[in-house]
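A.B. asks: Have a look at this one before I ask anything.
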Amino acid sequence: MSRILVVDDELSMREVLEIFFANQGHQVDTAADGAAGIARLHEEEYDLVITDLRMPRTHGMVVLEQCRALFPETPVIVMTAYASAETAIKAMKMGAYDYFTKPFKLGVLLARHADGRHPDTAD
């Protein structure tokens, strides 16, 4: 069982991801904005962090940066409805494990990350 943190200001997205991953047998915590997500990172270590990019109070890039500083090996997936090549490149250079554009299919997320390996490294 993995511990997953979902950080998103949209309640519906948090709930969908929480239910989806819980049904896969994972323990899921959620945070309603970047500041709350960073606070959770200071309390717990997670096996995976999924963060929205645009949120009030604290931007998803700051969540990514803080997670990299606290837990360099923890994969962070950045998701956004406002995707651009610039933000994708920046997120990946900052150490994001993956980058998704909303909306996305949950099956794709699971298929790409179910075994904890990036698809480019799968056997």
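A.B. asks: Let a ≥ b ≥ c be the square roots of the eigenvalues of the Cα gyration tensor of the chain; is it rounded (a/c under 1.5), or, if not, prolate (a/b larger than b/c) or oblate?
C.D. replies: Working: a/c = 1.19, a/b = 1.07, b/c = 1.11.
Because its axes are fairly even, with a/c under 1.5, the chain counts as rounded.
A.B. asks: Then there's this: In nm, to one decimal, how far is the modelled label at VAL108 from the one at LEU11, with both set 7 Å along Cα→Cβ?
C.D. replies: In this crude spin-label approximation the distance works out to 2.8 nm.
A.B. asks: Ignoring any ligand, DNA or RNA, what whole percent of the accessible area of the chain comes from carbon and sulfur when the probe is 1.4 angstrom?
C.D. replies: Values: 3400 of 6480 Å².
Result for the chain: 52 percent of the exposed heavy-atom area is carbon or sulfur.
A.B. asks: Using DSSP loop states and a limit of at most 14 other Cβ atoms within 10 Å to flag chymotrypsin sites (Phe, Trp or Tyr not before Pro), what is the longest stretch of the chain containing no flagged site? Write down the numbers at each step before the final one.
C.D. replies: Values: sites that count: TYR82, PHE104.
Between exposed loop sites, the widest span is 1-81.
A.B. asks: Please list, in chain and number order, the residues 5+ apart from PHE100 or on another chain whose amide H is under 5 Å from its amide H, with Hs placed from the backbone.
C.D. replies: Long-range HN contacts for PHE100: VAL78, MET79, THR80.
A.B. asks: Which trypsin sites (Lys or Arg not before Pro) does the range 52-117 hold that lie in a coil by DSSP with at most 15 other beta carbons within 10 Å?
C.D. replies: Details: sites: ARG54, ARG57, ARG68, LYS90, LYS93, LYS105, ARG112, ARG117; in loops: ARG54, ARG57, LYS105, ARG117.
Answer by residue number: ARG54, ARG57, LYS105, ARG117.
A.B. asks: Still on this structure: I'd like the Karplus ³J(HN,Hα) series for the range 54-63: coefficients 6.51, -1.76, 1.60, θ = phi - 60°, whole numbers in Hz, and an x wherever there's a Gly or Pro.
C.D. replies: Whole-Hz 3J(HN,Hα) from phi for the range 54-63: 9, 8, x, 6, 9, 5, x, 5, 6, 4.
A.B. asks: In addition: Return the long-range amide H neighbours of SER2 (sequence gap of 5 or more, or a different chain), with a cut-off of under 5 Å between placed amide H atoms.
C.D. replies: GLN27
The values are calculated or read from the model by the stated rules, or taken from the named source; none is laboratory data. Here the structure is a predicted model, which is why all the values come from computation and not from measurement. Here the Cβ is made from the backbone with ideal geometry for all residues, glycine too, and neighbour counts use every protein chain on show. In case anyone asks, the SASA skips ligands and DNA or RNA and just uses the protein heavy atoms, side chains included. Shrake-Rupley method; radii C 1.70, N 1.55, O 1.52, S 1.80 Å.
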